[in-house]
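Comments concern the structure below.
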Amino acid sequence: MKKKALIFFPHNPYPPRTGAHQRCLSMLEAFKKLGYDVTLFGSTLLTDNLWQVDSIKNLQKNFDIGVEVYQGTSADKQFMAQTYASRKGEFNWDFYTPPGLCESFRKFFKSLSPDIIVINYAFWARLVIGNEFNSSLKVIEMHDLLSLTTKMQQVISSFLTEPPFISGKVDHKLLDKSLFSKLTLNTDIEEYWLYDQFDFTIAISPQEAQHVQTQTCRTTVKYIPLSYNVELINNTYTNPPLFVIGPNYFNIQGYLYFTDKILPLVLSQAPEFVLQVIGDACSLLVPTDGINLLGFIPSLKQLYAESKFAVCPLIGGTGQQVKIVEAMANGLPVIALQNVAESSPIQHNINGFVATNAAEFANYTIKLFTNQNLCRQMGQAARETVNNEFSKQKLLEKLYFLAPNNIQNQIFKAEKNKLIVIIDGVFFQLYKTGIARVWKSLLEEWVESGFAKHIIVLDRAGTAPVIPSIRYRPVPAYDYNATDVDREMLQQVCDEEGADIFISSYYTTPLSTPSVFLAHDMIPELMGWNLNHPMWREKHYGIQHASAYIAVSENTAKDLVKVFPNIPLDSVTVASNGVNHKIFSPACLEDINQFKNKYGITKPYFMLVGSGGYKNTILFFKAFAQLCSKQGFEIVCTGGGWELETELRNYTSGSVVHMLQLSDEELSIAYSGAVALVYPSKYEGFGLPILEAIACGCPVVTCPNGSIPEVAGDAAIYVNDDDVDELADALCEVQKPSVRNSLVAAGLEQAQKFSWAKMADTVSSALVEATLLPLNLKQINLVIFPDWSQSEDALCTELLQVIQAIATHPDSSRTTLLVDNGEISEEEANLILSSVAMNLLMAEDLDISEGLEISLVGHLSEMQWKVLLPKITARIILENENQAAIAKAETIPSYELDNILLNNCIMST
């Protein structure tokens, strides 16, 4: 029975009117040749080529496929209109998949039960999001980076308001070749997320394939270029050159660029020059000297046979221009601008020309227009290039990994090597304080390190900071009155995303997905707060259900273990907070004076960050009131409210108190200009303001409580948190030049020990290590790489020898045997291992479940292997091994089984 392929393409591809239509037809042919029963699913919504009865019949007859066309309803159109109206200038992916279309596709999928689904364009990727579609291998054809392309077209459309479009009468900015490079246009993060819902993503440009692969973590990206069968026609190279333009803004922009920038230069040297322009977009244009607008022509074969060459003067666009491949397949050299030519088969000065500007483009145009032999020579080279690299046979070869006899193996491969970390950005919804800065800094560092490709941030009601290259998933706002519902929602998200590990920015927890708890402090527990408050109940729930723990300081780690003694201290990873040294560094005098002038600060000032409660700010105000010179100082308070509490104001008579809300940049300047940061806190989980202050060269007066000594080191004056007189003396002491200079120097040196990059690296490693906990690693960890393709008898014999030898060794209870299950599923591997275990029990009366731990490691990602390898003691060499898999363990020592057991080189470690 043949396997089934369901291919969704939104338009009617027959007869082809665009490059996308051509690509669709090529893919239909290829999947038929691979051996599938193919069904094409289309829609009347948003089609660029109306579905006709004859078109459907011709597709069914000429391609031997089934065709299903969804007829859009008024409800669909109403949904799309409402979605479009509510987009508020933003890109909206829901617009393309109204409920009616989704339901129709779902029902058809269920009735067909295809083995593979191919979706064309990310616009329609949501059609197959859901667990019910996971029984099929899912493939998406990109065509191009749609959100980026759409943004670029929106830029062009702002210049092109009403057709017809006339050469010489458009804003010169539209024809700036560097127009798009000057703009900060990026692909939407959600587009990458959509690609990651598919097992394979097909890109038609090598640059886009590489880009998408770096921005995704689950999908496997394949570069499969456009294909076109070479036409063995007798080219005459006698007629004017061609420019084939589709009905989109990039083509219109390219036409206007040619007529405004290139054509005048060409006509000045070759007045007889004419460019033939073919395509639907001709109806939007006005002809000019040197241009012949031919409109849409169903077959270009004759034109290709007679024309000298083709041009592609497009400035922007993503994907790969089919007009280039098609012209080259028909024996024509092509001239294109550099940014478009990069993703094409053009080889400069061999089968065409690549121009960097209008003058070069004009010179190459004249060169080909006036040299028929050069056209012939380059045209033949162009045809050979397409035949060698872009033929339909090449397409078939590149798609062979999806052949029916390979598909089950590909489904298995697609399930492997995926590391997904879900981060709940709930803190961004709840507060804007220091913890928000911590998480924003971590996310930014993970973008730099590349770890961001493994992350999905849950954006609570649109409150998460927008960081390029971070993928977000919108989720409802957090409500302390509905925590059970929230846990269920988080678990559903983790299941849908295939999460390996979960971590919250503030105490939320899914039902069953393993989670890591990040402890910022233990203030409520140590300060005697009401632990029945929902916030602290959720904190304790998160701690009790966590698989692993991270603390922002050694002291916080100890406090966590003190409150929860069942947590071993050595199981808590310490990841100290960092500081952005680019922002928090000593400011120049000019910036300090501008800051003081802006906020009306006229005297030397002390700084306070945070207020009330355990921050113990009242100690400062009492001490300040004792200063004989207090009227010579002002006070800058930030990180609290807008007004100073009445109780505190009573201590500031005659002095000005500035209650400021400062950006990070202003906060850095404020630290730099302060007499000192006074931070008399009774407890800190870390003490971020202290670190930021010393990084700016600001002396610190504080108390030796909690984690503060870890952060400040010798760069602070310490006082008791209840000694007013001692603090008053410190406020005088810190004004002495010798004391200040010593504190500043010590502080700058101390601050260098901390960075967000270090913290991000430690946290990411801890997260990856947490995903390895199911392996149950012990003091001795051995690994084997069996060749699972050998006969089952030989495989079982080899496994039995290894397992029996280790299980009967005195150190077996201290040992974990890691078994790489290569190219077979966990279910198959466990079945074979169970058979081995049963044989040992029956034949040798050996129950291996009583000591030795056996864990499969075939589904680990590259990053997980990187963390695991240093924990592996040795590899046991087998007679028959998976040589490809062994490559990832080259750095660990390897021994014959007898050497490990008899020579005591490993097992007695």
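The Cα-based radius of gyration and maximum Cα-Cα distance (Dmax) for segment 13-88 are 14.9, 46 Å.
Before rounding to the nearest 500, sum -39500 (n - 2.57) across all DSSP H runs of length at least 4 in the chain and divide by the residue total; then give [θ] at 222 nm in deg cm²/dmol. Kindly include the intermediate steps, with their values, before the conclusion.
Numbers: 36 runs with 363 residues, N = 909.
So the helix-based figure for the chain works out to -12000 deg cm²/dmol.
The local environment of Gly654, defined by Cβ-Cβ distances under 14 Å, has a net charge of +2 under the rule Lys, Arg +1 and Asp, Glu -1. Global size of segment 589-753: 14.3, 40 Å for Rg and Dmax (C-alpha atoms, Rg to one decimal, Dmax whole).
Between beta-carbons, use under 11 Å as the cut-off and find the net charge around Leu127, counting Lys and Arg +1, Asp and Glu -1. Around Leu127, the surrounding residues sum to +2. Its Kirkwood hydrodynamic radius, worked out from the mean inverse distance over all distinct Cα pairs, puts segment 774-902 at 14.8 Å. Using a probe of 1.4 angstrom, how much of the accessible area of the chain is carbon and sulfur, in percent? Roughly 48 percent, rounded to a whole number. Show the residues, 5+ positions off or on another chain, whose built amide H is closer than 5 Å to the amide H of Asn229. HN-HN under 5 Å from Asn229: Lys392. Here the label points at Met1 and Glu231, each 7 Å from Cα along the C-beta direction, are separated by 4.3 nm in the simple model.
Assign unit charges at the C-beta atoms only (+1 for Lys and Arg, -1 for Asp and Glu), then state the dipole size of segment 589-753 relative to its Cα centre in Debye, rounded to the nearest 20.
Working: 11 positive and 21 negative charges, 77 e Å.
So the dipole magnitude of segment 589-753 works out to roughly 360 debye.
If you take all other residues with their beta carbon under 11 Å from the beta carbon of Ser707, and give Lys and Arg +1 and Asp and Glu -1, the sum is -4.
Compared with the dominant principal axis of the Cα atoms in the chain, helix 483-497 is inclined by about 40°. Rolling a 1.4 Å probe over the protein chains gives Arg376 an accessible area of about 80 Å². The HN-Hα couplings worked out from phi for segment 117-130 by the Karplus form 6.51 cos²θ - 1.76 cosθ + 1.60 (θ = phi - 60°) are 10, 10, 9, 9, 6, 5, 3, 10, 4, 5, 4, 10, 8, x Hz, whole numbers, x standing for Gly and Pro.
Give me the percent of Cα-Cα pairs in the chain that sit more than 36 Å apart, rounded to a whole number. Kindly include the intermediate steps, with their values, before the conclusion.
Numbers: 255834 of 412686 pairs.
Cα-Cα pairs of the chain separated by over 36 Å account for 62 percent.
In units of the compact-protein estimate 2.2 N^0.38 Å, segment 158-317 shows a Cα radius of gyration of 1.26. The mean sequence separation of alpha-carbon pairs under 8 Å and at least six residues apart, normalised by the residue count of segment 316-374, gives a relative contact order of 28 percent. From the largest down, segment 716-802 spans 84, 27, 18 angstrom on the principal axes of its Cα atoms.
By a 1.4 Å probe calculation restricted to protein chains, Tyr364 has an accessible surface near 40 Å², given to the nearest 10.
Taking the highest mean first, how do the peptides 13-25, 194-206, 468-480 order by number of other beta carbon atoms within 10 angstrom per residue? It would help to have the intermediate numbers written out before the result.
Numbers: 13-25: 21.2, 194-206: 23.3, 468-480: 16.5.
Highest mean packing first, the order is 194-206, 13-25, 468-480.
Here segment 184-236 was treated as a single set of alpha-carbon atoms; its pair distances binned every 5 Å from 0 give 4, 18, 23, 18, 10, 7, 6, 5, 6, 3, 0 percent. For Leu160, Leu50, Leu183, Leu800, the ranking by accessible surface with the largest value first comes to Leu50, Leu183, Leu800, Leu160, using a 1.4 Å probe. Of Lys539, Lys682, Lys177, Lys753, the order by accessible heavy-atom surface (1.4 Å probe, DNA, RNA and ligands excluded), from most exposed downward, is Lys753, Lys682, Lys177, Lys539. Helix 206-215 and the long axis of the chain differ in direction by around 20°, with both axes built from C-alpha atoms.
Calculation over all alpha carbon pairs of segment 421-574 in 10 angstrom steps from 0 returns a P(r) of 11, 41, 38, 10, 0 percent.
Residues whose amide H falls under 5 Å from that of Val656, counting only those 5 or more places apart or on a different chain, are Ile635, with hydrogens built in the peptide plane.
Averaged over its residues, the chain has an accessible area of 42 Å² per residue, based on protein heavy atoms and a 1.4 Å probe.
For segment 601-664, the set of chymotrypsin sites (Phe, Trp or Tyr not before Pro) satisfying both a DSSP loop assignment and a count of at most 12 other C-beta atoms within 10 Å is given as Trp642.
The values are calculated or read from the model by the stated rules, or taken from the named source; none is laboratory data. These numbers were taken from a predicted model, which means no experiment stands behind them. Cβ atoms come from the backbone with ideal geometry, glycine included; neighbour counts cover every protein chain shown. Areas reflect the complete protein model, heavy atoms only, side chains present, ligands, DNA and RNA absent. Shrake-Rupley method; radii C 1.70, N 1.55, O 1.52, S 1.80 Å.
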